[in-house]
Amino acid sequence: MKIFTLFVAFTLACLALSPRAQALLPPPAPDGGYPGANTAEGTDALFSLTSGIANTAVGLNALHDNTTGTHNVAVGASALASNTTGSFNMAIGTDALRDNNSNFNLAIGFRVLFMNTTGNHLTGIGAAALRNNTTAGFNTAIGADALRENTTGEDNTAIGADALAQNIHGNVNTAVGAFALFNSTGPGFNTAIGDRTLFNNTTGDQNTAVGTSGFGGGPALFSNTTGRFNTAVGGAALSTNMDGGDNTAVGSGALNDNIERMVVMGSKLVFKFDELLGACHFHYRHKFS
């Protein structure tokens with residue numbers, strides 16, 4: 001029995017001294033907790049902190065420059081790295097909100113709100129969403145590359161991959177669906193609901209498009225570039241319109257072969273505007289034979 005006991009003790013001692021049994025990393029000290037309800041884990045996380053309180057930084061250079069900013073959360077390498085005084089921000093993902101120095105922003109994903117400096121009340125979810133936003137505020141982008149190129153446009157909502165991706169300074173746009181209002185740059189006030197609706201719109205404003213492909217045509221107002229004050233509801237409605245304005249098309253395929261300044265519901269023409277008389281004439285036209 002004594003021999004067995006000595007053997008067990010010797011074996012345990014050898015294991016304790018074996019290099020493979022040693023911990024690869026030392027235990028963290030001071031376990032990430034700092035005064036003022038601050039938490040930092042990672043090389044140079046919260047490196048410059050002075051009086052800021054209730055900050056959480058996890059990752060290399062997370063909240064690196066923060067001095068007096070409070071109630072920030074940064075998870076990921078260089079997340080909120082340049083923030084000094086901004087407060088109430090949350091950045092999750094590498095380089096998320098990296099250049100930020102403002103308040104009330106949410107960024108989730110790789111390089112979301114990457115270049116934002118003073119824009120506030122921003123929400124970006126998805127890789128590169130609102131990536132180039134600098135000073136604009138009150139934008140919401142959900143989906144990879146949504147509102148990616150936006151810099152100064154405000155009050156925009158983009159939901160879907162690449163929705164409003166090329167918008168730079170347009171305001172008050174709403175795009176719901178992948179690639180909706182993809183090429184739009186400004187001035188704004190457009191609403192696009194459905195995959196690729198108003199896809200080619202560049203400077204056309206105050207347009208409304210609802211509906212994806214139908215009757216062999218593209219999504220509603222798909223080809224519109226500079227046309228204004230158009231309303232298209234239904235698959236392929238006003239799909240080929242490029243620069244015509246003041247049109248209303250309701251129904252799948254309505255006004256797919258557009259005549260400017262018309263109102264169509266389904267397959268029948270309801271009103272046609274007479275440029276010479278300045279009046280609307282009522283009659284019917286079957287679109288499909």
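Criterion first (within 8 Å of the chain's Cα centre (by Cα), closer than 25 Å to residue 194 by Cβ, modelled with pLDDT of 95 or more and small (Gly, Ala, Ser)) does residue 165 satisfy it? Answer is no for this residue. Within the stretch 199-237, the set of residues being of a type in the set (A, V, I, L, M, F, W, C), buried (at least 18 other Cβ atoms within 10 Å of the Cβ) and either within 26 Å of the chain's Cα centre (by Cα) or at pLDDT 95 or above (or both) comprises 199, 209, 210, 220, 221, 222, 232, 233.
Residue-level check: of (1) more than 18 Å from residue 144 (Cα to Cα); (2) crowded, with 24+ Cβ neighbours inside 10 Å; (3) not aromatic (Phe, Trp, Tyr), residue 107 misses just (1).
Hand me the list of strands (runs of 3 or more DSSP E) wholly inside the stretch 70-142 holding 3 or more residues that are modelled with pLDDT of 95 or more and more than 19 Å from residue 162 (Cα to Cα). Working first, answer last.
Details: elements: 73-75, 90-92, 106-108, 123-125, 140-142.
Fully inside the stretch 70-142 and qualifying: 73-75, 90-92.
Residues in the stretch 204-211: is at least one of a type in the set (A, V, I, L, M, F, W, C) and under 17 Å from residue 255 (Cβ atoms)? Within the stretch 204-211 (the criterion being of a type in the set (A, V, I, L, M, F, W, C) and under 17 Å from residue 255 (Cβ atoms)), the answer is yes, since at least one residue qualifies. Residues in the stretch 65-77 that are crowded, with 24+ Cβ neighbours inside 10 Å and out of contact with any strand residue (DSSP E or B) (no Cβ under 8 Å at 6 or more places or on another chain): 69 alone. For the stretch 174-202, a residue qualifies if it is under 18 Å from residue 219 (Cα atoms) and among the polar types (S, T, N, Q), and the qualifying residues are 174, 183, 184, 190, 191, 197, 200, 201, 202. Can you find a residue in the stretch 120-138 that is over 23 Å from residue 177 (Cα atoms) and in contact with a His (Cβ under 7 Å, 6 or more places away or on another chain)? No - not one qualifying residue is present in the stretch 120-138.
Within the set 152, 157, the sole residue that is at pLDDT 95 or above, surrounded by fewer than 18 Cβ atoms within 10 Å (Cβ to Cβ) and not acidic (Asp, Glu) turns out to be 152.
The values are calculated or read from the model by the stated rules, or taken from the named source; none is laboratory data. All values reported here derive from a predicted model rather than from experimental measurement. Cβ: placed from backbone, ideal geometry, glycine included. Neighbour counts: every protein chain shown.
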